[in-house]
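Worksheet: one structure, shown below.
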Amino acid sequence: MSYDILILGGRLATSKGVAVGDLAVKDGKIAAIGSLANESAEKTILANGLVVMPGLIDTQVHFREPGLEQKEDLESGTRAALMGGVTSILEMPNTNPTTTSPAALQDKLDRADGRAWAHYGFFVGASKENLEHLAEYEKLPGTPGIKIFMGSSTGPLLVGDDEALTVALKHGHKRIPIHAEDEPRNSARKSLISSDPHPREHPFLRDAESARLATERILRISHATGRPVHILHVSTADEPPLIAEAKRQGLGTTAEVTPQHLYFSAPDCYDRLGTFAQMNPPLRSAEHNEGLWKALQAGIFDVFGSDHAPHTLEEKAKPYPLSPSGMPGVQTMLNVLLTFVAQGRLTLETVVKMACERPAELYGIQGKGHLEVGYDADITLVDPDKKQVFERSMVESKCGWSPYEGEELTGWVEMVILNGELAVVSGNRLISPSGRMLAFS
């Protein structure tokens, strides 16, 4: 058989191990893995020294379209994803209008068609107005399910009280990702702001107790309703024990940690980056950072997600607290994770498990996330030893900045294969936007 692409001598990475081998692509699928040096192909890639892994799946991005396209849109956001080795994304519903109806979901799917550089799915947001319809909405084509904001949102997407949360969890079966911050506590603490506010106050005003309270509440409701929840962007040392206990009780609980909550700590990040370090839930102290690392090493987290949430330079230039919370991250997620690998704090197996395999499993994403015969040929090849300073000129996101500017990162994307086609080589895109709607089981 003649293949479309042969990858020879790469370090094939799965959650089970990393081993030198060959991989063949045919008709958009992984067709063979093994010793294939004697086979023929239209394109042969000599991957000596490169790590060959599934394309990443980023399960939490905010691409701002429709309504907020000055910050980002589906074209620029998916382009940033692809350049960072991310071949599939799940996008959040806090756009304008919000994605809280079948019509709004279809509008996003229509907008992405022909413009997306990576594969895509769009969460439907729970709101006070659609709670009775959530079981129906979670089954719609193109959505991985329902997203709930307990905090850090306004208008219809804020579902903060226990009664509404219980109704939401009773309507449907799929795992629900949760932004867990306690909105009443956050609102009450706004009065504690100083007379000369600085972004370093952010983790004080939106304190660790806000996150702990919300996570405790939603896990209690999960237990009462039997509905599994996925705790997004865990930011404190106080939440992992709650999550671990819920897992022991068999609630189906899963959790995400972001690269930035592992990379940055307060107050240094606020002193250096100002409002560029401002996000919700906040980047916190070294004590909480270390707690997250201990939880990661204990296997409490299931996935890495970027929480890519860009704002313009003009918006970030506003004085705190008028400045908006959020930062870009989809393009740099793999760089940062590979830097942790180079530092000996993570393994490649863990990166593949939490950024590729488990995301596909949690949301039933068909054909993605695994380096196995029969799976879609969405593949990322990285040079794990390459060191380079990330610079503003590299940013693909429309927002035009990154909190990692000036940071030397180790581990860089060399090639990306999408739908069995060579899509990116050495920072150059070789194809037109070819992302497709993801299928969910």
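The values are calculated or read from the model by the stated rules, or taken from the named source; none is laboratory data. Note that the structure is predicted; figures quoted are calculated from it, not measured. With ideal geometry, Cβ positions are generated from the backbone for all residues, glycine too; neighbour counts draw on all protein chains shown.
Here's the yes/no breakdown for (1) assigned by TED's automatic domain parsing to the domain that holds Asp268; (2) over 29 Å from Gly364 (Cα atoms); (3) out of contact with any strand residue (DSSP E or B) (no Cβ under 9 Å at 6 or more places or on another chain):
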site: Pro102; (1), (2), (3): yes, no, no
site: Gly114; (1), (2), (3): yes, no, yes
site: Tyr137; (1), (2), (3): yes, no, no
site: Ser152; (1), (2), (3): yes, no, no
site: Val159; (1), (2), (3): yes, no, no
site: His179; (1), (2), (3): yes, no, no
site: Ser187; (1), (2), (3): yes, yes, yes
site: Pro197; (1), (2), (3): yes, yes, yes
site: Glu201; (1), (2), (3): yes, yes, yes
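Just the residues that are under 26 Å from Ala355 (Cβ atoms) and over 28 Å from the mean Cα position of the chain (by Cα), please, taken from the range 1-19. Break it down into steps so the answer makes sense when it comes.
Within the range 1-19, the subset under 26 Å from Ala355 (Cβ atoms) is 4-19.
Result: Asp4, Ile5, Leu6, Leu8, Gly9.
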Open item on the list: Could you go through the range 274-288 and let me know if any residue there is of a type in the set (Val, Ile, Thr) and crowded, with 21+ Cβ neighbours inside 10 Å.
Closed with: yes
- [ ] Only residues that are out of contact with any Ser or Thr (no Cβ under 7 Å at 6 or more places or on another chain) and not charged (D, E, K, R): list them for the range 105-119, please.
- [x] Gln106, Leu109, Ala112, Gly114
Open item on the list: Looking only at the range 347-356, count every residue that is surrounded by fewer than 22 Cβ atoms within 10 Å (Cβ to Cβ) and either in a loop (DSSP other than H, G, I, E, B) or touching a strand residue (DSSP E or B) at 6+ places or on another chain (Cβ under 7 Å) (or both) and tell me the total.
Closed with: 3
Open item on the list: Can you go through Ser441, Ser432 and tell me which one is without any contact (Cβ under 8 Å) to a residue 60 or more places away in the chain and surrounded by fewer than 20 Cβ atoms within 10 Å (Cβ to Cβ)?
Closed with: Ser432
Open item on the list: Just to be sure I understand, how many residues within the range 405-425 are surrounded by fewer than 18 Cβ atoms within 10 Å (Cβ to Cβ), of a type outside the set (A, V, I, L, M, F, W, C) and in a strand (DSSP E or B)?
Closed with: 2
Open item on the list: Suppose we filter Leu337, Leu322 for residues that are among the aliphatic types (A, V, I, L, M), outside the structural domain of Lys29 (by TED's automatic domain parsing) and under 14 Å from Gln278 (Cβ atoms); which single one remains?
Closed with: Leu322
Open item on the list: Considering only residues that are part of a helix (DSSP H, G or I) and surrounded by 24 or more Cβ atoms within 10 Å (Cβ to Cβ), which ones fall in the range 223-240?
Closed with: Glu239
- [ ] All but one of (1) surrounded by 18 or more Cβ atoms within 10 Å (Cβ to Cβ); (2) part of a loop (DSSP other than H, G, I, E, B); (3) touching a strand residue (DSSP E or B) at 6+ places or on another chain (Cβ under 9 Å); (4) not aromatic (Phe, Trp, Tyr) hold for Lys398, so report the exception by its number.
- [x] (3)
Open item on the list: Please list, ordered by residue number, the helices (runs of 4 or more DSSP H) wholly in the range 96-193 having 3 or more residues that are in contact (Cβ under 8 Å) with a residue 24 or more places away in the chain, out of contact with any Asp or Glu (no Cβ under 9 Å at 6 or more places or on another chain) and within 30 Å of Pro240 (Cβ to Cβ).
Closed with: 162-170
- [ ] Examine the range 400-420 for a residue that is of a type in the set (Gly, Ala, Ser), at negative phi, out of contact with any Leu (no Cβ under 9 Å at 6 or more places or on another chain) and modelled with pLDDT of 95 or more, and state whether such a residue exists.
- [x] yes
Task: Qualifying position, being touching a residue at least 60 places away in the same chain (Cβ under 8 Å) and small (Gly, Ala, Ser), among Ala309, Ala317 - done: Ala309
- [ ] Output the residue which, of all residues in the range 351-370 that are among the β-branched types (Val, Ile, Thr) and touching a helix residue (DSSP H, G or I) at 6+ places or on another chain (Cβ under 8 Å), is farthest from Glu91 (Cα to Cα).
- [x] Val351
